[in-house]
1. May I ask you to compute the full-extension gain from B:Ser81 to B:Ser93, defined as 0.36 nm times their residue separation minus their alpha-carbon distance, rounded to one decimal in nm?
2. Treat each spin label as a single point 7 Å out from the Cα along the C-beta direction, and report the A:Tyr97 to B:Arg54 distance in nm.
3. What angle, in degrees between 0 and 90 and rounded to the nearest 10, separates the Cα long axis of helix A:7-29 from the longest principal axis of the Cα atoms of chain A?
4. May I ask you to derive the relative contact order of chain B, considering only C-alpha pairs under 8 Å and at least 6 residues apart, and to give it as an integer percent?
5. Mind pulling the angle between the C-alpha long axis of helix B:91-124 and the longest principal axis of chain B? Nearest 10 degrees, somewhere in 0 to 90.
6. Could you go through segment B:23-38 in sequence order and give the Karplus-derived ³J(HN,Hα) for each residue, using 6.51 cos²θ - 1.76 cosθ + 1.60 with θ = phi - 60°, rounded to whole Hz, and x for Gly and Pro?
7. Please report the equivalent ellipsoid semi-axes of segment B:36-103, computed as sqrt(5 x eigenvalue) of the Cα gyration tensor, largest first, in whole Å.
8. Inside 10 Å of the C-beta atoms of B:68-80, what's the mean count of C-beta atoms belonging to other chains?
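Readers should treat all values here as calculations from the given coordinates under stated rules, not as data from a laboratory. Just so it is clear, the structure is predicted and the values come from calculations on it, not from any experiment. Cβ coordinates were reconstructed from backbone atoms using ideal geometry, including for glycine residues, and neighbour counts include every protein chain displayed.
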Amino acid sequence: MNLISGIDVTAGALNAQKTRLDIVAQNIANAQTTRGPDGLPYQRKTVSFETELLRQAGSPGNAASVQSVRVGSIQNDTTPGQRVYDPSHPDADSNGYVTMPNVNMAYEMVDMMTASRAYEANLSVVKNAKQMAMKALEIGK
Amino acid sequence: MVDPIFNSDNYQIARKLMDAAMLRQDAIASNIANAETPGYKRLDVASDFATQLRSSVEGTGATTDMASITPSLVKDTNTRSTRPDGNNVETDSELLAMNKNTVEYDYLTEVVSYNLKQLRMAVSGNPS
């Protein structure tokens, strides 16, 4: 038993949400990158989480288990990007069209809000767990 | 001599409820961490813990030995899911439950402390 209960679960979630925020930052930063290291327009990255089984808490018959999350994979979003007519652009093709990255600002902003709210929620769990541990240490004083 | 305080109902119940509060904090941490995990069902402290504890205090239940009652976690499949992925966690109600749980724990530590203080006062004769 941890002194600060549930801290391992929350730590996993904080880590996962932070990675998600990092990826959103990368997507927004590269919203106009028409040529990546491979010479192709930047492709939006998406994060998927997976469950991490920490411990079985209930009786064996009843499978209630404390689960944490971790980043499962970071994948490219392969939907094609918008094609913009701009013949003067250095990355324009022979018809004068430039393929822009498939980053959608609205999606990224919503993702960012969701991730930072989830991060805050997990942080407040840490705060409360710490307060409980401190109170437990004060017993008898 | 010291036994009556450590075996008093108040003290025993406070201890048991503190165990439950600690376990509930674990469950809430798991719920908030998995607020976006598809198919995840929220965890909670099994409700039979409270009923067993109550009936043991009242002396009506099958379990009269309070020490043998331990809280356990169960999956809450009764709360309806409002999302297509089957996840039934609602972050705000979890946060609310967490704050309530923390206050409850604070209160219980006070109860335990008070019991110990009483004992200390009896031993030393000093009401401090």
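1. Values: separation 12, 0.36 × 12 = 4.32 nm, distance 1.33 nm.
My answer for the length gained is 3.0 nm.
2. 6.9 nm
3. 10 degrees
4. The value is 34 percent.
5. The angle comes out near 10 degrees.
6. Taking θ as phi minus 60°, the curve returns 5, 5, 4, 4, 5, 5, 4, 5, 5, 5, 5, 9, 4, 10, 8, x Hz for segment B:23-38.
7. Values: eigenvalues 186, 38, 16 Å².
Value: 31, 14, 9 Å, ordered largest first.
8. Numbers: counts 0, 0, 0, 1, 5, 8, 6, 5, 1, 0, 0, 0, 0.
For peptide B:68-80, the averaged partner shielding equals 2.
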